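First up is the structure itself, then whatever we jot down about it.
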Amino acid sequence: MDFFARRNYFSLSEYDSLQPGDAGHRGLGVSANEYDIVVIGAGMAGASVAAHLASDRRVLVLEREGQPGYHSTGRSAALFSAIYGSEPVRALSRASHEFLFAPPSGFAEAPLVRARPAMHIASAEQVERLAKFAALPDVAPVSRTIGRDEALKLCPMLKPENVELAVVELEAADVDVHGLHQAYLRLLRERGGALLTDRDVEALCREGGRWRVTAGGEEFTAPILINAAGAWADKIAEQAGVATIGLQPMRRTAILVEPPPGADIDDWPMVIDGDEQFYFKPDAGLLLLSPADETPMGPCDVQPDEWDVAVAVDRVETATTLKVTRVKHRWAGLRSFVTDRTPVAGFDPDAPGFFWLAGQGGYGIQTAPALSRVAAALALGQPVPADITAHGVNVADLSPARLRPLADAPREARG
């Protein structure tokens, strides 16, 4: 479950020397600007798939901003939740669990997760819907339904009249987004991959079986182009002359406020309204609040709207005894979805060598370990690893081909 952190925290210092043509790159003797794979976007999606592919391919990652992960990744402070999202998303999350909770030796410099139960609360009007959700076959085994009294023990500031019952996911956890993203970028570098920032894509075309990418006034070519451009993914497709997938970026707002005086909040769960009208959780001694807004936007450097800030305060104050006297910080980020709210990973059915890795919505961090391995396997024409398919991941659920009739329809027909 991705929401948005209060700062961008990425440094480029360790990547400054990683340029095309360096001796560390595979394919010596090949033109410095010729690659096996060009990845557009250095957020979590692009960094993770590129790190896998760089193990035996010559890979270049192009990032439009001055630092990798500036937009959604750099503003995300995700919670791992195996019961969040569509069925294919939940399968990807289950397949990512082992990697996040027990990463390979040497991958990360510190643990990637910290235990943080996720508690979905229901008022009397919401009980039936929450109970139905809790009974799903992949939700029931990893969650527990509790009554009002136990819910109030877990989060004392909840108003009793607003909690009829709750569903607690005990194995949920905060994810160190910065640590995970940096680890993938470090792995990319160690495997000889190249990363260039401040390289907005100016032109794209397919010539002689290779994609020609013009970015920052320079040309790069590769037979495979991976579109991991986040909110800009449909824009990249348009530049390439490829049919879009109906991607819709949506604004999500979050704020930081002081907790109740004297409250020890460090071990409180993340609390999510049964209809996801708000959520809140501890964050470095403060409380992070969100109205769970999803305002359609174009791709941009999104900023918080004061109305959404006020809605966040009102909804949480209505459900709890919290009194917000001052908002210490406010921010927003973009979560990009296609119509079925499931990520898109695979070659475009009508554009040779054009690979989609987009539409992660609010699940891009927690699904990155599995989704990046799926994408890398598909890009190389290899079988998806068995440990991933064992969790119910089906590549047909992720294929861009599933969206082509919708993408070709007028926008109003897509809903």
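What's the total number of residues in the stretch 222-262 that are without any contact (Cβ under 8 Å) to a residue 12 or more places away in the chain and either aliphatic (A, V, I, L, M) or closer than 30 Å to T325 by Cβ (or both)?
In the first step, residues of the stretch 222-262 are kept if they are without any contact (Cβ under 8 Å) to a residue 12 or more places away in the chain; the result is 238, 261-262.
This time we only want the ones that are either aliphatic (A, V, I, L, M) or closer than 30 Å to T325 by Cβ (or both), so: 261-262.
Number of matching residues: 2.
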Qualifying positions in the stretch 284-302 - under 28 Å from P156 (Cα atoms) and either part of a strand (DSSP E or B) or open to solvent by less than 60 Å² (accessible area, probe 1.4 Å) (or both): G285, L286, L287, L288, L289, S290, P291, A292, D293
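I'd like to check which strands (runs of 3 or more DSSP E) are fully inside the stretch 167-252 and have at least 1 residues that are surrounded by fewer than 21 Cβ atoms within 10 Å (Cβ to Cβ).
Numbers: elements: 173-175, 194-196, 201-207, 210-215, 218-222, 224-227.
Filter on the stretch 167-252 gives 173-175, 194-196, 201-207, 210-215, 218-222.
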Of residues in the stretch 110-135 being outside any strand (DSSP E or B) and open to solvent by 60 Å² or more (accessible area, probe 1.4 Å), the one nearest to L79 (Cα to Cα): P111
Filter result (open to solvent by less than 10 Å² (accessible area, probe 1.4 Å) and either under 15 Å from F347 (Cα atoms) or part of a helix (DSSP H, G or I) (or both)) within the stretch 41-54: M44, G46, A47, S48, V49, A50, A51, L53
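Looking at D267, D308, which is the one that is in contact (Cβ under 8 Å) with a residue 40 or more places away in the chain and either over 20 Å from N162 (Cβ atoms) or among the acidic types (D, E) (or both)?
Working: D267 fails: in contact (Cβ under 8 Å) with a residue 40 or more places away in the chain.
None of the other options fit; the residue is D308.
Considering only the stretch 85-97, I want to know if a residue exists there that is in contact with a Gly (Cβ under 6 Å, 6 or more places away or on another chain) and either open to solvent by 10 Å² or more (accessible area, probe 1.4 Å) or modelled with pLDDT of 50 or more (or both). Show your work before the answer.
Start the filter on the stretch 85-97 by keeping residues that are in contact with a Gly (Cβ under 6 Å, 6 or more places away or on another chain), which leaves 91.
From what is left, the residues that are either open to solvent by 10 Å² or more (accessible area, probe 1.4 Å) or modelled with pLDDT of 50 or more (or both) are 91.
Yes: the stretch 85-97 contains one or more residues that are in contact with a Gly (Cβ under 6 Å, 6 or more places away or on another chain) and either open to solvent by 10 Å² or more (accessible area, probe 1.4 Å) or modelled with pLDDT of 50 or more (or both).
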Residues that are under 30 Å from A45 (Cα atoms) and of a type in the set (K, R), drawn from the stretch 313-360: R330, R335, R341
Residue in the stretch 206-214 that is touching a Cys at 6+ places or on another chain (Cβ under 9 Å), in contact (Cβ under 8 Å) with a residue 40 or more places away in the chain, among the aliphatic types (A, V, I, L, M) and farther than 23 Å from A102 by Cα present: yes
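Take the stretch 253-280 and flag every residue that is assigned to a strand (DSSP E or B) and either open to solvent by 10 Å² or more (accessible area, probe 1.4 Å) or touching a Phe, Trp or Tyr at 6+ places or on another chain (Cβ under 7 Å) (or both).
Looking only at the stretch 253-280, we keep the residues that are assigned to a strand (DSSP E or B), and these are 253-257, 270-273, 279-280.
Result: A254, M270, V271, I272, D273.
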Qualifying residue in the stretch 118-136 (condition: acidic (D, E), farther than 21 Å from P282 by Cα and within 25 Å of the chain's Cα centre (by Cα)): no
Qualifying residue in the stretch 140-156 (condition: open to solvent by 30 Å² or more (accessible area, probe 1.4 Å), without any contact (Cβ under 8 Å) to a residue 24 or more places away in the chain and outside any helix (DSSP H, G or I)): yes
Members of the stretch 340-384 found to be among the polar types (S, T, N, Q) and within 12 Å of the chain's Cα centre (by Cα), listed by number: T342, Q360, Q366, T367, S372
Hits in the stretch 157-166 (condition: surrounded by fewer than 20 Cβ atoms within 10 Å (Cβ to Cβ) and assigned to a loop (DSSP other than H, G, I, E, B)): M157, K159, E164
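The values are calculated or read from the model by the stated rules, or taken from the named source; none is laboratory data. If you're wondering where the values come from, they're calculated on a predicted model, not measured in any experiment. We place every Cβ from the backbone using ideal geometry, glycine too, and count neighbours over all the protein chains shown. Heavy atoms of the whole protein, side chains included, go into the accessibility calculation; ligands, DNA and RNA do not. Shrake-Rupley method; radii C 1.70, N 1.55, O 1.52, S 1.80 Å.
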